[in-house]
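A short write-up of the structure that comes next.
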Amino acid sequence: MSTESKEPLLVLEDISLSFKGVKAITDISFNVYEGEICSVIGPNGAGKSSMLNVINGVYIPQEGTITFDGKQFNKMKPHTAAVMGIARTFQNIALFKGMSVLDNIMSGRNLMMKASFWETALNIGRAKKEELEHRLEVEKIIEFLGLQSIRKTPVASLPYGLQKRVELGRALAAEPKMLLLDEPMAGMTMEEKLDMSCFIQEVNRNLGTTIVLIEHDMGVVMDISDHVVVLDYGKKIGDGPPSEIMNNQDVIDAYLGVSH
Amino acid sequence: MEFFLEVLVGGLLSGVMYSLVAIGFVLIYKSSGVFNFAQGTMLLLAALTFVSMTERQVDFKIAFIITLVMMVVLGIIVERTVMRPLANQSLLSLFMATVGLNYFLEGLAQGVWDSAVHGLELGISNDPIFLIDELPALGLDIIISQFDIAAAVIAGTMILGLTLFFQYTRTGLSLRAVSDDHMAAMAVGIPLNRIWAIVWAVTGVICLIAGLLWGDRVSVSFTLTAAVLKGLPVILIGGLTSIPGAIVGGLIIGASEKLGEIYLAEIFGGQGIEHWWAYTTALIFLMIRPTGIFGEKEIERV
Amino acid sequence: MYYREAGRLVKSFASDRRMLPLMEDRWILIAFMAFMYIVVTAFASDYLFSAILIPMMVLGIATLGLNIAVGYTGQLSLGTAGFMCFGAFAAFNLVLRLDMYLPMAFFLAGIIAGIVGIFFGLPSLRIKGFYLIVSTLAAQFFAEWVFNAYPWFLDNNSSGVVALPQHHYQVFPFQELTPLNAEFWHSYKGRYLLTLTVTLLLVLACKNMVRSSTGRNWMAVRDMDIAANVIGISVAKTKLMAFFISTFYCGVAGAMYSYCYIGNLDFMIFNLRRSFLIMFMVIVGGLGSILGSFLGAIFVYGWPILITRMGDFIFGGGTLDTAFVENNSKIVVGTIIIVLLIREPGGFAALWSTTKQKLRSWPFAN
C-alpha cells in the first residue's frame, strides 16, 4: 500500500473536455502511481465518469495529454487503452447480456487469443489450445470472485450485485496493469460492498494492479485508498492522501460536509 | 437542357409521391420507435377497399369515408393486438412484428381480393400542362403532368399539417416524448395506449391518401406494395424521425432515380437500375450522415 | 426425461467444452447420422429427396448464414437471396469455365460470395442499427440486376435459365470409373448425399465458431459494441468477419440451391421475396441459434406442403389450389411470427429449450 516515488504510471496533464459548449472537465492534472489505489470523488456531475472515459479513450479531450506507462497520447483510443493494459468497469454495467458469465469473462481475454477464424471453425491448433488454456485462467478468476455456481448462467438473469462482480471479473481477465472502476459499489448492500472492497484490495495487494476508482461511499474511500483526487464542477479541488483530503476545507465545503 | 429539366422536374414530382409513403413510416417511427414494415400492405388495403367500392358504383365520397373508417379501425386493431403486447421488447422485435404483420396482411388481402389489377380514377386529369405558361421568364417549354402537380400539392399540404401538428400542439409534444423514450413518457403520465392508437389511426389515413394517389398513378395491384421499397431509401436519407426529411429524401431519390435511368442506363447497359441505384444513392448519403440528413443521432452513454 | 446432466461431473475443461456433453446425446446423433446416410439414402423416394429433404437442408444453411449476421452479430441484412445468387452464379461459372469439381466449386463460390459480402458489409462500420438495411438491400437489387444485364454470367443463354447439365456433377477424380459417377451425382439420391455432407460440415464449422472466441466476439459486438471496443475487440474486423462468414454460408447455399435442389440456374428465384422468407425462417426459428435456423427453415418451407397434403388427404386430391395455400401460409406464418415475438422471442429454438427444461424435472412439476 505504499506510494512509489518513481515515475507515475498515469500522468494526466491539463485535460479539458467539453460537450458542445458545456465544459465537463477544465484543466485537470494529476498522477497515479503504480500499485496504488487512487479514488476519484466529488459530487454528481463533477466530471468523474468523464475523467475515466478520457483515460481509456471513450471520450477525447479537447486539450491535454495522457501519459501511460511512459507513452504519451493526445488521443487515446479504447482499443489502444486495452492493448496497453487498461481495463475498466462501467457505472451502468456494460456486460454482454446475451452471453453467460463464463463467456463474458472469457471475452475479457480476447486480446490474448490469436487463433484465426479458420482455426476456430475447425477447432484445431491454436483455437483448441487457447480455449483450454484461457479457461484455466478464467476459472481462477471465477473462484476468486465466488461465481462458480453461476458460471453458465446468462448474465441478464443475474441480480445487480452479481452482475457487477462479473464485470469486475471480465476486467480482471485481461490481466491489466491498471483497472478503472466506475462506482463499483453503487446500488450494493453493506455485505456486497464489503465483498467488493475485499476483492479490490486483494487484487491490488496480490497482483499489484493499479486501481483508479470512482466511489461515493466515503467510508470505503478513506479505508482503502492510498490517494484521493477530488473533483467539483469539472475542476480539481483536492489531491493527496486520505487524511489530508478529509481535512481540506474546500473539499468539505463542496462535498463532505457543508450543503451548497 | 430542356430535356434535363423535364426529367429533373418529373423526378422531383415523383419523389413527392415517394415522400407520401415515407411519411407514414416516419410518423409511426417518430412516435413509437417502430419501423412499420406493413406500410405498403396497408396502402394496398386502402386502395383495394376503395376500388372495390367504386367499381360497384358506390359514390366517391361515401367510398372515401368508409375506407377512411376502415383504415382507422385497422390501425387501432393493429396497435392493440400487435404493438401493445410487445411494448416492452426491443425495437428489433417490434420491427419484426411488423414484418410478420405485413406477411399476414398480404395473405389476407390476396385471399379476400384476387390478384387482378384494378384501375383507379381519382378524377384528377392526367393531362400534361405546359410549364411555359408559368415561367415565361425562362422561355422554356417544359411538360409536366397535372396529376403530378396535384399529388405534390396534396402531399405538401399533408406534410405541412403534420409538421405543424408535431411542433405546436400538445398531442404532438406527447407523440415526440413517446418516441424518445416510451417508458419515461409513461412515467410522466402520457397515456401511451391512446397516443399509439392516434398514431396508427393517423397512419391509416395517410395510407389511404397515399394509396389512392398511387393507385391512380400505377393502378391498384400487388405491385403497389413495392411502393414500400421506394419509401425506404427516402426515409433513410431524410432520417427516420424527420418529416421534412421525408420530403427532402423523396425529392433526392425521385430526381436521382429519373436522372439515373436516363443518363446512367447507357453506361451500365440495360434498364432496371432504378432499384439498386436508389439504394446506392441512399447508401452514399448515409455514409456521410449515418443517421440521415435530418435524423437524430443516437447517443450511447456508458 | 430418462437422462439428464445432473449428477454427471466433468473432469476436465475439454470435456466441459464438448458439443454434446451427454453420452446419450452422442449416441442419438450417431444413430441419426447413420439413419440419414444409410436408411434414408436407400429407401427414400425421389419426391422425398427433391421436395423435402434437400430444400430444407439448403434453406437451413441459408438461414444459418443469415443468423450469423443478424442473430449472432446483430447486423441487419436483407440481401440473403442476393448473396445466394452470387454463390450460385459463381459456382456455375467455375464449373463451366474451369472444369472444377463440385465441392471445390461450392467452396470457392462461398468465398466469392463472402468477398461480395465484405464489400457490402463495409458500410456497417459507419452506419448502425436500422439504417444498415440499405446496404444489403442495395446488394440484393444489385444482384438481381447484374446477372440480368450481363448475359455472360449465364453463358449467354437467351432464355435466362440454364438447366445444369449432368457433366457438371464431378465430385471426385476418376469418379467415372466407379458407380458414383456423374449420373449418380446428378440423380436425386446423389444430390441428397452431397447436400447432406456439405450441410453437416458447415453446421459443424458453425458450432465450433460460435463456441469459440470468434462467436464471443460476434455476440459482444451485438450486445454492446462500445464495451467490446473497450475490452480490445476490434469491432470493425469482427463485423466484416461476420459478413464474410455469413455470406459465405449464403453463397454455398445458393450454389446448392441451383445444383442440388432445382437443377437450374435461374436468377429470378433469388429475389427480395426470398430474402424475406429466409428472414422469417430466422425469426421463427430463433435468432442466434443453429438448431433454430433449421427449425425455422423446416417450418416456413414445410407449412405450405403440409397444408396441401392435409387438404389432399381430407378433401381428396387437388382441392386446395395454390393460391389458397399461398395465402393461408402467409397468414399463418405472419401470425406465428407475431405470436412468437409476443410469447417467446427466442423462437422455436427457445421453445425447444424450455421443453427440455420441463422434461428434466418431469414427471414432477417445475
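The values are calculated or read from the model by the stated rules, or taken from the named source; none is laboratory data. Small disclaimer: the values here were computed from a predicted structure and weren't measured. FYI the Cβ positions are ideal-geometry reconstructions off the backbone, even for glycines, and counts take in every protein chain you see.
For this structure, a couple of remarks:
- Consider the range C:68-105 and keep the residues that are aromatic (Phe, Trp, Tyr) and farther than 28 Å from C:Ile283 by Cα. The one that is surrounded by the most Cβ atoms within 10 Å (Cβ to Cβ) is C:Phe92.
- Test: residue in the range A:224-238 that is surrounded by fewer than 19 Cβ atoms within 10 Å (Cβ to Cβ), out of contact with any Gly (no Cβ under 9 Å at 6 or more places or on another chain) and in contact (Cβ under 8 Å) with a residue 60 or more places away in the chain: no
- Looking at C:Asn157, C:Asn217, just one residue is under 17 Å from C:Tyr259 (Cβ atoms) and polar (S, T, N, Q), and that residue is C:Asn157.
- Hey, C:Arg309 part of a helix (DSSP H, G or I), of a type in the set (Lys, Arg) and without any contact (Cβ under 8 Å) to a residue 24 or more places away in the chain or not: yes
- Of all residues in the range B:54-66, those that are hydrophobic (A, V, I, L, M, F, W, C) have Cβ atoms under 6 Å from Cβ atoms of residues that are in a helix (DSSP H, G or I), 6 or more apart or on another chain, in B:Ala63/B:Phe50; B:Ala63/B:Met53; B:Ala63/B:Thr54.
- Filtering the range A:93-136 to residues that are under 23 Å from C:Met224 (Cβ atoms), in a loop (DSSP other than H, G, I, E, B) and either more than 9 Å from chain C (Cβ to nearest Cβ) or among the charged types (D, E, K, R) (or both) leaves A:Ile93, A:Lys97, A:Arg109.
- Among residues that are among the β-branched types (Val, Ile, Thr), within 13 Å of chain C (Cβ to nearest Cβ) and crowded, with 24+ Cβ neighbours inside 10 Å, B:Val26 is included.
- Among residues of the range C:212-225, those that are under 14 Å from A:Gly108 (Cα atoms) and within 7 Å of chain A (Cβ to nearest Cβ), counted: 8
- Annotation note: of C:Ile283, C:Ile305, C:Ile269, the sole residue that is within 14 Å of chain B (Cβ to nearest Cβ) and hydrophobic (A, V, I, L, M, F, W, C) is C:Ile283.
For (1) among the hydroxyl-bearing types (Ser, Thr, Tyr); (2) under 28 Å from B:Ile149 (Cβ atoms); (3) modelled with pLDDT of 80 or more; (4) in contact with a Lys or Arg (Cβ under 7 Å, 6 or more places away or on another chain), each residue gets a yes or a no:
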{"residue": "B:Ile209", "(1), (2), (3), (4)": "no, yes, yes, no"}
{"residue": "B:Ala226", "(1), (2), (3), (4)": "no, yes, no, no"}
{"residue": "B:Ile252", "(1), (2), (3), (4)": "no, yes, yes, no"}
{"residue": "B:Ser256", "(1), (2), (3), (4)": "yes, yes, yes, no"}
{"residue": "B:Tyr263", "(1), (2), (3), (4)": "yes, yes, no, no"}
{"residue": "B:Gly269", "(1), (2), (3), (4)": "no, no, no, no"}
{"residue": "B:Trp277", "(1), (2), (3), (4)": "no, yes, yes, no"}
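- The set of residues in the range C:141-151 that are within 7 Å of another protein chain (Cβ to nearest Cβ), modelled with pLDDT of 85 or more and over 11 Å from C:Leu78 (Cβ atoms) comprises C:Phe142, C:Trp145.
- Taking the listed residues C:Phe92, C:Phe49, C:Phe86, the one that is touching a strand residue (DSSP E or B) at 6+ places or on another chain (Cβ under 7 Å) and within 27 Å of C:Val162 (Cβ to Cβ) is C:Phe92, with no other qualifying.
- Among the candidates C:Leu291, C:Leu359, C:Leu351, C:Leu295, residue that is more than 25 Å from B:Val82 (Cα to Cα), at pLDDT 85 or above and away from chain B (no Cβ under 14 Å): C:Leu291
- Checked against (1) within 7 Å of chain B (Cβ to nearest Cβ); (2) without any contact (Cβ under 8 Å) to a residue 40 or more places away in the chain, C:Ala138 meets all criteria but (2).
- Filter pass, C:Gly71 being farther than 16 Å from C:Ala297 by Cα and small (Gly, Ala, Ser): no
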